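Student: Dropping a structure here in structure tokens format, bear with me for questions.
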Amino acid sequence: MSAISLIARDELRLMRRNRVAVVAFALLVLLTLAAAFISWSHQRAIAETRARFQAQAAKEFEAQPDRHPHRMVHYGNFIFRPLGPLAAFDPGVDAYTGNSMFLEGHRQNTANFGDVRQSSLLIRFGQLTPAFVLQVIAPLLLIFLGYGAVARERERGTLRQMLVQGVSARQLVAGKLLALAAVAALIGLPAMIAFLLIAGQPDALAGPMAVIALGYAAYLALWAVIVILVSAMMRRGRDALLALLALWAVLVILVPRVAPDIAANAHALPTRLETDIAIQEDLRRLGDSHNPDDPFFTAFKQKMLRQYGVSRVEDLPVNYKGLLAVEGEKLTSRLFDNYADRSFAVQAAQSGLMNGFGMISPTVALRRLSMAAAGTDLDGHHRFLEQAEAYRFAMVQQLNQLQADAVTYADDVAQDAGADTRKRISADHWQAVPEFRFQPAPASDLLRASLPGLLLLLVWLAIAALALIPIARHVQKARR
Amino acid sequence: MSLTANGQRIVVNDVHLSYGSHAVLRGLTLHVAAGEIYALLGGNGAGKSSTMSALLGFVRPDAGTVEVAGYNPATQADQARAQIAYVPENVALYDHLTARENAAYLLALAGRRPEPQAIDAAFEATGLQEAAWDKRLGGFSKGMRQKVAIAIALLREVPVLLLDEPSSGLDPKATADFNRLVHDVARRGAAVLMVTHDLLSAADIADRIGFLEAGRIVDEAAAQGADRFDVRDLHRKFTAGSVAA
């Protein structure tokens with residue numbers, strides 16, 4: 001057996017014989033399993049609830065009686081974002097962004113009912129998920145198990161004894177690293193097994209799953225290297241522990257918490273109220289279809305009359321009010337899309353800046369990778385919003401077109417006693433409106449989005465590993 | 001193993017060593033031949049520990065040459081250390097391991113895999129009680145630890161044995177056992193260098209004694225006849241300077 005494996009085996013034997021280390025390790029494994037179970041059951045409950053509400057909303061929409069189509073435009077429809085299988089491992093921003101939307105004519109509503117708005121404030125400090133345990137708790141355990149790996153040898157004089165036995169400092173550092181890397185693998189193993197169990201469903205994507213596994217392995221390996229580096233640099237174990245705890249607090253807690261605030265300040269989003277006021281002003285500028293003197297709608301009316309070769313809207317073969325509704329929705333949707341695009345651009349700039357913090361904190365890089373591969377990052381949320389808007393627009397325009405085609409202009413403007421009945425169309429039409437089906441991002445998109453985070457982590461790992469070389473030389477010079 | 005010129009296993013020639021502006025070795029010269037026991041006697045600050053560090057390759061002399069079994073510890077630390085068994089004054093062993101595990105582990109690191117019976121025999125030779133062999137070192141006294149370290153050093157079977165205050169912490173019987181063991185090692189051809197400030201211990205065991213003061217040997221005495229050393233003369237030499245401070 002080589003000196004490296006002998007040293008690694010002895011370090012593991014020391015940990016095994018240390019009751020505190022064994023209990024801490026067992027607790028982390030239990031915590032990981034509990035997190036996996038809780039996350040899995042939570043996500044399953046969420047998925048079932050959303051599926052149930054989605055079915056109920058569709059049923060209620062289709063069960064509406066004979067009505068004027070525009071009433072259905074305002075009756076609207078609810079849609080819910082289904083979660084992908086990897087969301088059980090890393091729910092990402094899902095708890096914060098909202099997951100249901102009310103779709104109606106003339107307006108784009110925002111997503112509602114994120115978990116953080118429904119739960120106690122505690123959830124804001126991080127949900128107990130396997131991702132959270134591996135990102136935050138696992139490095140802490142590696143610190144407690146490994147801070148003394150080299151520093152203890154120096155402090156107790158055994159370092160000199162080992163060097164005298166012919167062991168090189170490089171072998172010593174490599175052996176200690178091998179032991180801590182084995183512990184890191186053991187820490188990650190239950191989470192990875194749970195990951196496979198909760199995410200390994202028929203529709204799970206193998207590529208993103210592999211990237212997540214690789215990313216977490218690189219992250220834990222990085223922490224093992226950092227712990228050994230600091231342990232080898234410090235004279236005393238106590239100093240190594242303090243330095244590592246400070247590093248953990250900054251890299252794992254402080255930077256990931258402060259970075260979003262910095263990003264939000266650097267690229268500020270207008271408030272909801274400011275946006276609403278601006279949209280109302282723009283809407284007013286678009287014109288008023290009810291105002292006979294409105295220049296835009298007067299021009300539109302002339303265009304329709306020319307197109308159909310008639311001189312009065314009453315002579316049009318289609319319902320002019322329906323045409324107006326189609327045109328009005330097109331205009332307002334374009335306006336809303338512009339605001340949404342601007343908002344997405346600001347959020348993308350925030351995300352870009354936030355991702356840049358991955359160069360300062362490997363936890364930020366890992367989160368980016370993890371959420372992107374799980375499809376639970378901001379891009380995943382935007383994907384839902386874009387599909388929701390596309391669905392809303394198609395649904396509203398389908399109903400507006402029904403108004404144009406299936407309700408006559410004469411009936412639509414009539415005020416007599418039977419007019420209300422004549423304006424109604426068959427409820428069968430509601431069933432012809434397709435249900436919302438969220439199309440999750442393909443594996444290639446998820447992989448592309450997660451690769452920068454993985455690359456950043458690998459760069460971190462390479463730099464830390466290279467730093468071990470001069471540190472080993474420093475250890476070799478142990479005089480005492 | 002290889003020998004240096006003239007069959008010397010340890011050669012220190014005109015070595016100078018400073019830590020910053022503080023000179024600790026100032027022209028130290030000493031030679032220890034195969035089968036010889038050399039005691040370096042000196043008080044606090046005389047340069048005993050720095051001599052050990054230079055022999056073990058932990059410090060590089062500013063001037064002069066050091067050779068251990070033909071290797072320069074400053075430039076060939078791994079090769080030189082492979083020829084050395086070292087017992088420090090404050091024995092550093094692993095508290096989480098038993099005496100047997102400590103021996104097996106440290107010897108394995110040195111590339112040796114003695115039979116369990118050989119380890120037991122070495123423990124027996126040092127006088128370590130059998131009941132302690134399978135106990136973790138956490139509860140061991142300084143003397144017991146010393147015995148474990150000496151057993152490990154013996155099992156290394158190398159040409160150079162370095163001992164730093166070896167009798168410190170040993171009771172009189174254990175000291176006598178230890179002296180006998182060191183003689184056995186020397187008889188098998190090893191060069192033994194011990195640094196100590198215990199004049200009687202040095203007189204008891206050494207073939208030659210060097211008096212170290214302010215980083216250089218100021219006097220030397222060689223064992224002669226059945227009485228070996230004139231202890232009164234040794235004491236006079238030892239206390240002549242400031243070495244016994």
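Student: Looking at (1) surrounded by 22 or more Cβ atoms within 10 Å (Cβ to Cβ); (2) charged (D, E, K, R); (3) free of Cβ contacts under 8 Å to residues at least 40 places away in the same chain; (4) over 19 Å from residue A:167 (Cβ atoms), which one does residue B:81 not meet, given that it meets all the others?
Tutor: Failing condition for residue B:81: (4).
Student: I'm told residue B:30 meets every condition in (1) in a loop (DSSP other than H, G, I, E, B); (2) modelled with pLDDT of 90 or more except one. Can you identify the failing condition by its number?
Tutor: (1)
Student: Continuing with this model, one more query. Being closer than 23 Å to residue A:399 by Cα, among the β-branched types (Val, Ile, Thr) and in a loop (DSSP other than H, G, I, E, B): is that true of residue A:326 here?
Tutor: Considered against the rule, which asks whether it is closer than 23 Å to residue A:399 by Cα, among the β-branched types (Val, Ile, Thr) and in a loop (DSSP other than H, G, I, E, B), residue A:326 comes out as no.
Student: Restricting attention to helices (runs of 4 or more DSSP H) lying wholly within region A:93-172, give those where 3 or more residues are within 14 Å of another protein chain (Cβ to nearest Cβ) and either under 30 Å from residue B:158 (Cα atoms) or at pLDDT below 75 (or both).
Tutor: Filter on region A:93-172 gives A:151-156, A:158-164.
Student: Restricting to region B:57-76, give me the number of residues that are among the hydrophobic types (A, V, I, L, M, F, W, C), more than 21 Å from residue A:155 (Cβ to Cβ) and either part of a loop (DSSP other than H, G, I, E, B) or within 10 Å of chain A (Cβ to nearest Cβ) (or both).
Tutor: 2
Student: Here's another thing I want to ask about it. Read through the list (1) touching an Asp or Glu at 6+ places or on another chain (Cβ under 7 Å); (2) within 11 Å of chain A (Cβ to nearest Cβ), then give the number of the only condition that residue B:46 fails.
Tutor: Unmet condition: (2).
Student: With the condition kept exactly as written, say whether any residue in region A:334-351 is outside any helix (DSSP H, G or I) and not basic (Lys, Arg).
Tutor: no
Student: On to the next question. How many residues are surrounded by fewer than 18 Cβ atoms within 10 Å (Cβ to Cβ) and touching a residue at least 40 places away in the same chain (Cβ under 8 Å) if we restrict to region A:446-467?
Tutor: So the count comes out to 5.
Student: Looking for something over 30 Å from residue A:82 (Cβ atoms), touching a residue at least 40 places away in the same chain (Cβ under 8 Å) and either within 14 Å of chain B (Cβ to nearest Cβ) or in a helix (DSSP H, G or I) (or both) - is there at least one such residue anywhere in region A:185-192?
Tutor: Yes: one or more hits.
Student: If you take the residues of region A:10-64 that are of a type in the set (Lys, Arg) and out of contact with any Phe, Trp or Tyr (no Cβ under 6 Å at 6 or more places or on another chain), which of them is nearest to the other protein chains (Cβ to nearest Cβ)?
Tutor: A:17
Each row is one residue, and each column tells you yes or no for (1) part of a helix (DSSP H, G or I); (2) more than 14 Å from chain B (Cβ to nearest Cβ); (3) more than 20 Å from the chain's Cα centre (by Cα); (4) of a type in the set (Asp, Glu).
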site	(1), (2), (3), (4)
A:176	yes, no, yes, no
A:210	yes, yes, no, no
A:223	yes, yes, yes, no
A:229	yes, yes, yes, no
A:235	no, yes, yes, no
A:239	yes, yes, yes, yes
A:264	yes, yes, no, no
A:269	no, yes, no, no
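Student: Could I ask something else about it? Yes or no: residue A:50 out of contact with any helix residue (DSSP H, G or I) (no Cβ under 7 Å at 6 or more places or on another chain), in contact (Cβ under 8 Å) with a residue 12 or more places away in the chain and of a type in the set (Lys, Arg)?
Tutor: Yes.
Student: Here's a follow-up. Looking at region A:296-306, can you tell me whether even one residue there is loosely packed, with under 13 Cβ neighbours inside 10 Å, of a type outside the set (Val, Ile, Thr), under 43 Å from the mean Cα position of the chain (by Cα) and more than 18 Å from residue A:331 (Cα to Cα)?
Tutor: no
Student: Between B:46, B:39, B:54, which is assigned to a helix (DSSP H, G or I), in contact (Cβ under 8 Å) with a residue 12 or more places away in the chain, touching a strand residue (DSSP E or B) at 6+ places or on another chain (Cβ under 6 Å) and not aromatic (Phe, Trp, Tyr)?
Tutor: So the residue among B:46, B:39, B:54 that is assigned to a helix (DSSP H, G or I), in contact (Cβ under 8 Å) with a residue 12 or more places away in the chain, touching a strand residue (DSSP E or B) at 6+ places or on another chain (Cβ under 6 Å) and not aromatic (Phe, Trp, Tyr) is B:54.
Student: Further question on the same structure: Kindly indicate whether any position in region A:178-201 is exposed (fewer than 15 other Cβ atoms within 10 Å of the Cβ), within 22 Å of the chain's Cα centre (by Cα) and closer than 19 Å to residue A:453 by Cβ.
Tutor: No: zero hits.
Student: Could you check residue A:7 against (1) among the β-branched types (Val, Ile, Thr); (2) outside any helix (DSSP H, G or I); (3) within 14 Å of chain B (Cβ to nearest Cβ) and say which number it fails?
Tutor: Only one criterion is unmet by residue A:7, namely (2).
Student: In region B:103-157, what count of residues is obtained for those that are away from every other protein chain (no Cβ under 14 Å), in contact with a Lys or Arg (Cβ under 7 Å, 6 or more places away or on another chain) and within 22 Å of residue B:184 (Cα to Cα)?
Tutor: Matching residues across region B:103-157 total 4.
Student: For region A:49-75: of the residues being of a type in the set (A, V, I, L, M) and within 15 Å of residue A:399 (Cα to Cα), which is farthest from the chain's Cα centre (by Cα)?
Tutor: Top of the filtered list is A:72.
Student: Something else: So in region B:80-102, with the set limited to residues that are facing chain A (nearest Cβ under 9 Å) and in contact with a strand residue (DSSP E or B) (Cβ under 6 Å, 6 or more places away or on another chain), which one is farthest from residue B:69 (Cα to Cα)?
Tutor: My answer is B:88.
The values are calculated or read from the model by the stated rules, or taken from the named source; none is laboratory data. As the structure is a computational prediction, the values presented were derived from the model and not from experiment. Using ideal geometry, Cβ is built from the backbone for each residue, glycine included, and neighbour counts are taken over all protein chains shown.
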